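Chemist: Questions regarding the structure given below will be posed in turn.
The values are calculated or read from the model by the stated rules, or taken from the named source; none is laboratory data. Source: prediction; values computed, not measured. Note that we place each Cβ from the backbone using ideal geometry, even for glycine, and neighbour counts take in every protein chain shown. The protein model used for the area step is the full one, side chains on, heavy atoms only, and it has no ligands, DNA or RNA in it. Shrake-Rupley method; radii C 1.70, N 1.55, O 1.52, S 1.80 Å.
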Amino acid sequence: TAPHRFDLVLCVGATHAFGGLPAALAAAREHLAPGGRVLVGDGFWDGEPSAEAVGMLGDLTDLATTLDRVVADGWTPVGGHISTRRELDDYEWSWTGLLASWALDHPAHPDSAQALEAATAHRDSWLRGYRDVLGFVCLVLRPTAP
């Protein structure tokens, strides 16, 4: 652990690494200095997800419920941004396209076929599985009670 606390703690697109949003916020709280802020970004359902989408992305809630859970956990949102569909599409195209391009540019690399397969499979899951129902929100949070 760090020898001191931080004025800003970031966790954008990585709450799953902590076991979900509540656990990520608990970890952030442990590292936050008094008067500090947390920037957290997480997905939410912006429509009715299929069972396949839930299987891929987990037990998300709608935006209002996500915010209710954050507030109930002792945080006050003081800023935020909801990603547009274009921003989300740009993100997905960017990383799957870069991975596919790398694979095509390095056909002799032992990981090339696996990288191309991963890019293709993810792109298919995104387009057919969750593109039209996944939203993403970034929140700037302060602890409600010091």
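Chemist: So what is the 222 nm mean residue ellipticity for the chain from helices alone, if each DSSP H run of at least 4 adds -39500 (n - 2.57) and you divide by all residues, rounding to the nearest 500 deg cm²/dmol? Write down the numbers at each step before the final one.
Modeler: Numbers: 5 runs with 63 residues, N = 146.
The helix-only estimate for the chain comes to -13500 deg cm²/dmol at 222 nm.
Chemist: Ok, one more. Amide H of residue 13: which non-local residues (sequence gap of 5 or more, or other chain) have their own amide H closer than 5 Å, using H built in the peptide plane?
Modeler: Residues meeting the criterion, in which the H sits 1.01 Å from N, are 41, 42.
Chemist: Can you give me the accessible area per residue for the chain, using a 1.4 Å probe, in Å²?
Modeler: Value for the chain: 61 Å² per residue.
Chemist: Rounded to the nearest percent, how much of the accessible area of the chain (1.4 Å probe, protein heavy atoms only) is carbon and sulfur?
Modeler: On the way: 5130 of 8840 Å².
Within the chain, the accessible surface is 58 percent carbon and sulfur.
Chemist: Next question, about the same structure. How far is it, in nm, from the label point at residue 114 to the one at residue 101 when both lie 7 Å from their Cα along the line to the Cβ?
Modeler: Rounded to a tenth, the inter-label distance reads 2.3 nm.
Chemist: Let me ask another. Probe radius 1.4 Å, ligands and nucleic acids left out: which of 91, 130 has the largest accessible area, and how do the rest follow?
Modeler: Working: 91 135, 130 10 Å².
Reading off the accessible areas and sorting them downward yields 91, 130.
Chemist: Still on this structure, please answer the following. Taking θ = phi - 60°, what integer Hz values does the Karplus form 6.51 cos²θ - 1.76 cosθ + 1.60 yield along the stretch 55-66, in sequence order, with x for Gly and Pro?
Modeler: Running phi through 6.51 cos²θ - 1.76 cosθ + 1.60 with θ = phi - 60° gives x, 6, 10, x, 8, 7, 10, 6, 4, 4, 5, 4 Hz.
Chemist: Let me ask something else about it. Gain in length, residue 50 to residue 14, computed as 0.36 nm per residue apart minus the alpha-carbon separation, to one decimal in nm?
Modeler: Details: separation 36, 0.36 × 36 = 12.96 nm, distance 2.22 nm.
So the extension gain works out to 10.7 nm.
Chemist: Give the ranking of 70, 133, 140, 78 by solvent-accessible surface, highest area first, calculated with a 1.4 Å probe. Mind dumping the intermediate values first?
Modeler: Values: 70 0, 133 25, 140 50, 78 85 Å².
Greatest to least solvent exposure: 78, 140, 133, 70.
Chemist: Would you mind getting me the FRET efficiency between residue 144 and residue 65? Use the beta-carbon distance for r and R0 = 22 Å, nearest 0.05.
Modeler: Working: r = 18 Å, r/R0 = 0.81.
It comes out at approximately 0.75.
Chemist: Could you give me the ³J(HN,Hα) list for the stretch 82-99, computed from phi with Karplus coefficients 6.51, -1.76, 1.60 and θ = phi - 60°, whole Hz, x at Gly and Pro?
Modeler: Per residue, the Karplus-derived 3J(HN,Hα) values read 9, 5, 7, 4, 4, 4, 5, 4, 4, 4, 5, 4, 4, 6, 5, x, 5, 5 Hz.
Chemist: Report the gain in length on full extension from residue 121 to residue 4: 0.36 nm times residue separation, minus Cα-Cα distance, nm rounded to one decimal. Write down the numbers at each step before the final one.
Modeler: Details: separation 117, 0.36 × 117 = 42.12 nm, distance 4.22 nm.
Between residue 121 and residue 4, full extension yields an extra 37.9 nm.
Chemist: So what are the ³J(HN,Hα) numbers for the stretch 9-17, from phi and the Karplus equation (6.51, -1.76, 1.60; θ = phi - 60°), rounded to whole Hz, Gly and Pro as x?
Modeler: 10, 10, 8, 10, x, 9, 4, 4, 5
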